[in-house]
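One structure is given below, encoded as C-alpha cells.
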Amino acid sequence: MRWAVVVFPGTNCELDCHHVIADVLRQPVEYVWHKDTRLDGFDAVILPGGFSYGDYLRTGAIARFSPVMGAVEAFAAAGRPVIGICNGFQILLEAGLLPGAMRRNESLKFRCHETFLRVENAATPFTNRCRPGQVLRIPIKHGEGNYHADQATLDELERAGRVVLRYVTPDGSPTPGANPNGSLNNIAGIINERGNVLGMMPHPEVAAERLLGMEDGRLIFESIVAHVEGRASDDR
Amino acid sequence: MTSDVGPEGDPSMTAARSWKVRVYVTLKQGVLDPQGRAVENALRVLGFTEAADVRVGKYIELGLKAPDREAAAGRVAEMCRRLLANPVIEQYRYDVIEGDA
C-alpha cells in the first residue's frame, strides 16, 4: 500500500509521519504538497500536525481551502482512510469532514506531555489492532485541542461509537484530571459517520518506536495497514 | 471611485461604490471562553471587581466595492459564513460604512 503525507505551509510533523511509515512500517510513502489536486494511487492519507498558515484566523481555517483538500474530500468520500493528527484534526473539523470545533485549551497553555488514551471503539480502520478498552500512551503537543460540539452532536458521537479515543488516567478512568485541554467528554479522537476519517489530537507518529520510549502509536498505523490489506477481521 | 449618479434602486446603476466593513466575531453564548475567563480574572485582580461576562473575540476590517449597501452586506455575510467565523462555535455581526475611510 502507498501512503500520502499532505504538507501545508506551516506543517511541521510531516518528517515524523514519513519516518514512521518508511522506516518503522517499511512501506512506500510520499509527500503531497498542498497545491497538488490529485491523490491517485494512494491507499491512505495522513494530514500531519503543525501550524498550517500560522494558525491565522483559526487553526485549520485557511488550510481547508487549499487545492489538495478537494482531493482529500473525494478520497474520504470513496471510503478510503484519512487520518488527521493535531493540526490535521483541526483542518478536518474546519473542512466539515468531522463535526465540532476546537477552542483554546482550558488552561490557556500549550500542553506538551504524554497522555493516556482509552480505545473506546476497536472496530475501526484506525484501532483494529487494539483491544477494546486498551489504554494507549501517546503524547500531545497543542494549544487548541479543547474539543467542542453541541449536545445533539455529542450524543450522536457517543451513541454511534464515534468517540474512538478518550483521555483517561493510566488505569483507564476518564476523570477531569486526565483531561489535558478541557475537551467535552474527554474526547481525544473521533471518526466520521462512515468510519473512514479519524481526527485525533495526540501524536501517534512520535510514539511508535521503543527508541523513543513510547510504542503504542504504532498500533494506529498498523491498524490502517491491516484495514487496507484486508486483514482486519472485526473493523467495519 | 465613488459613483453618485443614478436614482436609488435603478438596476442600470451598477457602478461600484467603495465600502468599509467592520466584522466582529465572538464565541456563541454557551460556549466556554477560556480567554475571556482569564481576562475577567485579571481585571478582578486589578480591582475592577464590577467586570463580568468577559468574552474575547476578533475584529476584522476590510474594504470592498459593491453597487449598493445591500450587495456589500450580502458579500460580507458570505465571507463570514465561509471563512471569517466558524458557525459551530462563533457568531458574527458587521457594520458596512460607505467610503474608503
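Every number in this text was worked out from the coordinates using simple rules, so none of it is lab data. Bear in mind that the values here come from a model prediction, so they are computed numbers and not experimental data. Cβ sites come from the backbone with ideal geometry, for glycine too, and all protein chains shown count toward neighbours.
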Original post:
When you go through (1) under 17 Å from residue A:162 (Cα atoms); (2) within 14 Å of chain B (Cβ to nearest Cβ); (3) assigned to a loop (DSSP other than H, G, I, E, B); (4) not charged (D, E, K, R) one by one for residue A:79, which number turns out not to apply?
Top reply: (2)
**OP:** With respect to residue A:99, determine if the residue is closer than 19 Å to residue A:197 by Cβ and surrounded by fewer than 22 Cβ atoms within 10 Å (Cβ to Cβ).
**Re:** yes
Original post:
Do we have any residue at all in region A:95-113 that's part of a strand (DSSP E or B) and under 13 Å from the mean Cα position of the chain (by Cα)?
Top reply: no
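Restricting attention to region A:41-57, does a residue exist that is surrounded by 13 or more Cβ atoms within 10 Å (Cβ to Cβ), assigned to a loop (DSSP other than H, G, I, E, B) and within 14 Å of another protein chain (Cβ to nearest Cβ)?
Applying the first criterion (surrounded by 13 or more Cβ atoms within 10 Å (Cβ to Cβ)) to region A:41-57 yields A:42-53, A:55, A:57.
From the residues that got through so far, the ones that are assigned to a loop (DSSP other than H, G, I, E, B) too are A:42-43, A:48-49, A:51, A:57.
Now drop any that are not within 14 Å of another protein chain (Cβ to nearest Cβ), which leaves A:57.
Yes; the residues of region A:41-57 include at least one that is surrounded by 13 or more Cβ atoms within 10 Å (Cβ to Cβ), assigned to a loop (DSSP other than H, G, I, E, B) and within 14 Å of another protein chain (Cβ to nearest Cβ).
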Subject >> Residue ID - nearest to residue A:112 (Cα to Cα), chosen from residues in region A:131-176 that are within 14 Å of another protein chain (Cβ to nearest Cβ) and of a type in the set (S, T, N, Q) >> reply: A:146
Original post:
Pick from region B:12-44 the residues that are among the β-branched types (Val, Ile, Thr) and under 24 Å from residue A:181 (Cα atoms): which of them is nearest to the other protein chains (Cβ to nearest Cβ)?
Top reply: B:31
**OP:** Run residue A:77 past the list (1) surrounded by fewer than 22 Cβ atoms within 10 Å (Cβ to Cβ); (2) touching a residue at least 12 places away in the same chain (Cβ under 8 Å); (3) more than 22 Å from residue B:57 (Cα to Cα) and report the number of the one that doesn't hold.
**Re:** (2)
**OP:** Scan region A:28-71 for residues that are out of contact with any Asp or Glu (no Cβ under 7 Å at 6 or more places or on another chain), under 14 Å from residue A:85 (Cβ atoms) and either free of Cβ contacts under 8 Å to residues at least 12 places away in the same chain or not polar (S, T, N, Q) (or both) and report the count.
**Re:** 8
**OP:** For region A:98-108, indicate whether the set of residues that are farther than 23 Å from residue A:223 by Cβ, in contact with a Ser or Thr (Cβ under 7 Å, 6 or more places away or on another chain) and away from chain B (no Cβ under 14 Å) is non-empty.
**Re:** no
Original post:
When only residues in region B:58-78 that are within 28 Å of residue A:100 (Cα to Cα), in contact (Cβ under 8 Å) with a residue 24 or more places away in the chain and buried (at least 16 other Cβ atoms within 10 Å of the Cβ) count, which is nearest to the other protein chains (Cβ to nearest Cβ)?
Top reply: B:60
